[in-house]
Every structure is written in C-alpha cells, then in structure tokens.
Amino acid sequence: MVLRTRSRHESVVEFMLQQKQIVAYLPKLKVVRRRQSQNRAVEMPLFPGYVFVRPRADQYEGMRYVRGSCGLVLAGDSKPATMSEKDVGAVKRLVDSGADLTVDAGLVAGQRVRIIAGPLMGMEGELIRVKNQQLLVINVDLVGRSVRVEVDRDAISPL
C-alpha cells in the first residue's frame, strides 16, 4: 500500500510507523546540495510525499494517528491502492544499485505534450520515450504523417 504524507514529512512518518512495528519503506536518493559554500550529500525521498507500507489487519487504526501522514492512496473504488511486492522489490534494487535516478511524475510515455520552444514550437505530439536525462522522443503529426523527433526536456510541456 502507499501512504501519502505531508510535504517533507516522509522520514518522520517512516520512523513513526516503524516505532509502531508497521512495515514501512521510504526509498531515498543521495543528492549533493550546496549549503553555506559547502557541498553536502543529503538523502531525499525518491517519491516525495509517499511511503510504502505493509500493515497487518490489526495495524490500520494505528496508521491513522501518525504525525505527518495524510492517509492511504485510494484506488478508484475507495479501496487502498496496492503496490505489488515485485514492484517494491524493483524499487529497492534500483535504489540499492547506486545508479543515477530521477523521477519525473509529469512525463509518462504515451502522454500528449506540446512543444513550447524551438523551431517546432506550438506543435503537439505523443511522448514515445525518454532517451536520456535531457532528450525526449516525441511522435508529431505533420502533413498527415507521423514523424518522430528528439526534443530537449525543457522544450515541452504536458497537456
């Protein structure tokens, strides 16, 4: 299951859940931040605002009273949304790998986007894939034909 948290309360919520013996997992990334003319490595949540939980049936009531929590993420039919153990395990492997990870919640393959800069400004298309950290591959309809074009990440906006 996925528990929503208040902004910047993810670590507190994870700690409080673990104090109540509720299985909780907060994937974190090490990020270098410049503060007071020094570079410091800090841990930031991979998914800000969310903590993965696996409570027993008798622990649901205890989750309601955790400081900083906002409740479970619900599926369309008012039941708590679940995340499979396989998916949580995949997230753990990615985080433990030490690979350079970024999460872009605003860009998903198949999503419609508008090009907001460059020679194709104003055109709309479908995001096919993220090629690397800076380039996206977009399918744009031109003259009744579909054309794939690579566009800078900063040059598009989701519709």
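Listed by position, the strands (runs of 3 or more DSSP E) contained in the range 1-114 that have at least 2 residues being within 29 Å of Arg153 (Cα to Cα) are 2-5, 28-35, 38-45, 50-54.
Residue pairs whose Cβ atoms lie under 7 Å apart, separated by 6 or more positions or on different chains, with the first residue in the range 128-144 and under 18 Å from Ile116 (Cβ atoms) and the second modelled with pLDDT of 80 or more and in a loop (DSSP other than H, G, I, E, B), are Val140/Leu120; Val140/Met123.
I'm trying to understand the selection: among the residues of the range 44-70, which are surrounded by fewer than 15 Cβ atoms within 10 Å (Cβ to Cβ) and touching a Leu at 6+ places or on another chain (Cβ under 7 Å)? Within the range 44-70, just Met44 meets the criteria.
Determine whether the range 94-113 contains at least one residue that is at pLDDT 80 or above, among the small types (Gly, Ala, Ser) and under 19 Å from the mean Cα position of the chain (by Cα). Yes, the range 94-113 has at least one match.
The values are calculated or read from the model by the stated rules, or taken from the named source; none is laboratory data. Keep in mind that what you see is a predicted model, and the values were worked out from it rather than measured. Positions of Cβ are generated from backbone atoms using ideal geometry, with glycine treated the same way; all protein chains shown enter the neighbour counts.
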